[in-house]
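*Asks:* One structure, as C-alpha cells, below. Some questions next.
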Amino acid sequence: MRTQLFAVVLGVAALARVAAQTSLPASAFAPPADLTMPPADAVKSPSGLISKVVRAGDSPEKPGPNDVVTVQYTGWANDGRMFDSSLTRTAPSMFPLSRAMQGWRECVSLMVVHETRRCWVPEALGYKGAAGRPKGVVVFDIELVDTRLSPTVPPPDVKEPPADAKRTPTGVAYKVLRPGTGARHPTTFSKVTVHYSGWTTDGKLFDSSIARGNPATFDLGGGVIRGWTEGVPLMVEGERTRFWIPQDLAYKGEAGSPRGMLVFDIDLIKIE
C-alpha cells in the first residue's frame, strides 16, 4: 500500500512539474477517468482499437493514408502515467500518418479536422512490447489540428489548371482548396507565415516547408517570386489555395532554378 501511495505522490509531483513548464494546469495531463475502462458508448473496431469522440470536429476533411497530419496529443500508460504529450513542446506535432504506429493510423483515420478523440490502443497495435515503451493498452487523447496530402505525392492536376480554376489578368491560375477563417487579406508588402509545397508540372517536388516540419515567414514585397506577390494577397488567413504560376512570374528560366510553370499549395497561417 505504501508503495502504491508513493507512486501516486511521485506521479502528482511529475504532473505538477510538467504543468509548470507548459503554463497548463496539471489536470491537462491527468489520466482520464475511463483510462482502464472504456465507456459503453465507445466503439470497438475489428482490430481491437477502441475509440470515442471527446469533441466533435467542424470539418468534413478526413486524413488519407498518404497525408501529413498535425496533431496535439497526450498519451498515458495503463497505470495512469503520462508518458508523452505534444503539449509539453512549443508546437503541435506534424508527421506522415504512414509512419505512425498501427493504432494511431487507424484512430486518426476515423477523425475529421478539429476533432478530439480518445483511443485505447492494444499492445498489438501499439508498442508491441518494445523495450523502454509502455506495456499493454495505452490511451491517447488526439486532436486533429490539420491534415494535408504528403508533398511527396504531387497533386492530380499538377500538369495544368483544371477548368474551374480562376485566373488573374497576368496568367496566374488558382483554386481554393480550403476556405479561410479570416477576413483580412495581406498586401503586396505584408510579411506572412505560410506552409507551402512547390512542384514542377512533371510532379517533381522542389521545395516544401511541410517536409522541413516548420512554417516559413516571407516578406511579399521582396524575396519571393512575382507569382507569390500577386497570388498570396488573394488569400485570407486559414485558407489553402493551389496556384499555377507561369515561368515569367516564377524563376524566369534562371539557371539552377526550377523551370516552366510551377504549382504551389499555400496555407496562409498568419499575416504578421
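The values are calculated or read from the model by the stated rules, or taken from the named source; none is laboratory data. Computed from a predicted structure; not experimentally measured. Methodologically, a virtual Cβ is constructed for each residue, glycine included, from the backbone with ideal geometry; neighbour enumeration extends over all protein chains shown. Just so you know, the surface numbers come from the protein's heavy atoms only, side chains and all, with ligands and any DNA or RNA stripped out. Shrake-Rupley method; radii C 1.70, N 1.55, O 1.52, S 1.80 Å.
*Asks:* Stretch Lys166-Leu205 to full length: gain in nm at 0.36 nm per residue minus the Cα-Cα span?
*Replies:* The span from Lys166 to Leu205 would gain 11.7 nm if fully extended.
*Asks:* How large, in percent, is the carbon and sulfur part of the accessible surface of the stretch 61-166 at a probe radius of 1.4 Å?
*Replies:* Within the stretch 61-166, the accessible surface is 52 percent carbon and sulfur.
*Asks:* Going through the cross-link list Lys62/Lys135; Lys159/Lys252; Lys166/Lys191; Lys159/Lys191; Lys62/Lys128, which pairs have a Cα-Cα distance over 21 Å in this structure?
*Replies:* Going by Cα-Cα distance, Lys62/Lys135; Lys166/Lys191; Lys159/Lys191; Lys62/Lys128 fall outside the 21 Å limit.
*Asks:* What full-extension length gain, to one decimal in nm, is calculated for Val54 and Phe95 as 0.36 nm per residue of separation minus the Cα-Cα distance?
*Replies:* 12.5 nm
*Asks:* Right, next: Just one of [x] 1.06; [y] 1.00; [z] 0.96 is Rg/Rh (Cα atoms, Kirkwood Rh) as worked out from the coordinates here. Which one is it?
*Replies:* Correct label is [x].
*Asks:* Once the piece of chain linking Ala42 and Ala28 is laid out straight, how much longer is it, given 0.36 nm per residue of separation minus the C-alpha distance between them?
*Replies:* Stretched out fully, the Ala42 to Ala28 stretch lengthens by 2.9 nm.
*Asks:* Between helix 2-22 and the chain, what is the angle of the helix's C-alpha long axis to the longest principal axis, kept within 0 to 90° and rounded to the nearest 10?
*Replies:* On a 0 to 90 degree scale, this one is about 20.
*Asks:* In terms of modelled amide H atoms, which long-range or inter-chain residues lie less than 5 Å from the amide H of Lys270?
*Replies:* Under 5 Å from the amide H of Lys270: Thr193.
*Asks:* Based on the mean of other beta carbon atoms within 10 Å per residue, what is the order of 258-269, 155-166, most packed first?
*Replies:* 258-269, 155-166
*Asks:* With labels modelled as points extended 7 Å from the Cα through the Cβ direction, what inter-label distance (nm, one decimal) is found for Thr188 paired with Thr152?
*Replies:* 3.9
*Asks:* Based on DSSP H runs of at least 4 residues, each adding -39500 (n - 2.57), what is the mean residue ellipticity at 222 nm of the chain after dividing by all its residues, to the nearest 500 deg cm²/dmol?
*Replies:* -4000 deg cm²/dmol
*Asks:* Right, another one. So if I place +1 on the C-beta of Lys and Arg and -1 on the C-beta of Asp and Glu, and nothing else carries charge, what would the dipole magnitude of the stretch 136-224 be about its Cα centre? I want it in debye, nearest 20.
*Replies:* 280
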